[in-house]
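Worksheet: one structure, shown below.
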Amino acid sequence: MQLREREILAKIISLVLGLGVSFSITYFGVKYLTKALDPTRKDKEKSKSKAERLMRSLGLKNVELNEYELCIASNLVDPSSIPISWDDIGGLDDIIEDLKDTVILPFRLDLGRESSLAQPPKGVLLYGPPGCGKTMIAKAMAKAAEARFINLEMSSLFDKWYGESQKRAEAVFSVARKLQPAIIFIDEIDAFLRNRTSSDHEATAMIKTQFMSSWDGLMTDEDCRIMIVGATNRPHDVDAAIMRRMPSTFEIGLPSIRNRRRILDLVLRSENLSDNIDLYRIAEMTKTFSGSDLRELCRQASVFRVRDLVKSYKNGSSDVYQSDVESGHKLRPLAMEDFTKSMDKIKASKMAHLGVQAEPLD
């Protein structure tokens, strides 16, 4: 009888072990195949490695993040590595002062603990024509506020697997809570949170809904030091529900003639200029120019002196530049003629898009 019982027990143990081994092989095999066949696996591993490296550089060693939060954390930017400050932004003094008083100071000093009315806004929208400094202002805000800066890229929110994108959208806010004070910057916010319609894809609609639901959690948490900053040149395309969540709006418009002059001063502050340079005249000629257009104007003007230097060496007449070389300059000073020719070139390029023949400047 004992022999019979031993045989039955041995069969049971053998069966259990067989099932266990079979289950283990199946489980790990399916898991391996899922990873191997996942086209986003390499991107996820790259994001995880980048996030861990950024966390170490920021001194955040004891913060535990799940795989979704690590994908979002790969968008972190170290504020100390941001090469932009308020001094690098020209022609927007009034807006900068307003931002400092109504956004940065309450956020940095955490004044909401003393008065609910002194709380910084949970959402800030910067809008205006392209190239007017919206992204620069957002980076300068993060540096001045001494906050963690999450430069949210839309590609980090989307996943091919159903339901994964919503988890990443939720992770944006859970990461920010763990790293607060934090600023979440969304450039071209209209591309992601544009007006919802019945023709929207189901996955996109669900991501927007999850994002707004998590955003609402910031509104009700008085101790939460998280701010979302959006930038767009198409504010009318941003969903009305998103606009409600961004009560502080700042229009970053085209610079006036006085501000254009200040931008030119800023761009050319370290350049070697000729005595015939008239910055006020250049500011008058650039009525419809943005800040980035003015910088491109100066760059194009510098190209002409580079061409002159190349021509002089080809012709064997480099002695013309002997005085400049002795003074530490290989390039001749920028002259007013360079800006006039640069203006002609940029004007012709802009008119070409409209099919209009440009006339040379006087």
Inter-site label distance for Asp344 and Ser312 at 7 Å from Cα along Cβ, in nm:
2.2
Extension gain, Ser155 back to Arg234 (0.36 nm per residue minus Cα-Cα distance, nm)
26.4 nm
Sequence of Arg225, Arg305, Arg53 once ranked by neighbouring C-beta atoms within 10 Å, starting from the fewest
Arg53, Arg305, Arg225
Charge dipole magnitude, Cβ of K and R +1, D and E -1 - the range 43-251, Cα centre, debye nearest 20:
560
Charge dipole of the range 202-246 built from unit charges on the beta carbon (Lys, Arg +1; Asp, Glu -1), centred at mean Cα; most positive-end Cα among Met206, Asn233, Leu218 is Asn233
Of the listed pairs Lys122/Lys287; Lys139/Lys311; Lys287/Lys330; Lys139/Lys341; Lys46/Lys208; Lys100/Lys330, those with alpha carbons more than 30 Å apart are Lys122/Lys287; Lys139/Lys311; Lys287/Lys330; Lys139/Lys341; Lys100/Lys330
With R₀ set to 41 angstrom, the calculated FRET efficiency between the beta-carbons of Glu64 and Arg244, to the nearest 0.05, is 0.75
Square roots of 5 times each gyration tensor eigenvalue, C-alpha, the range 43-251, largest first, Å:
25, 21, 17
Take Ser24 and Asp93, extend 7 Å from each Cα along the Cα→Cβ direction, and tell me the distance between the two endpoints in nm.
7.4
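Any read-out appearing in this document is the output of simple, stated calculations on the displayed coordinates, not a laboratory observation. What you see is a predicted model; the values in this text were computed from it and never measured. Ideal geometry is used to build each Cβ from the backbone, glycine not excepted, and the neighbour counts take in all protein chains shown.
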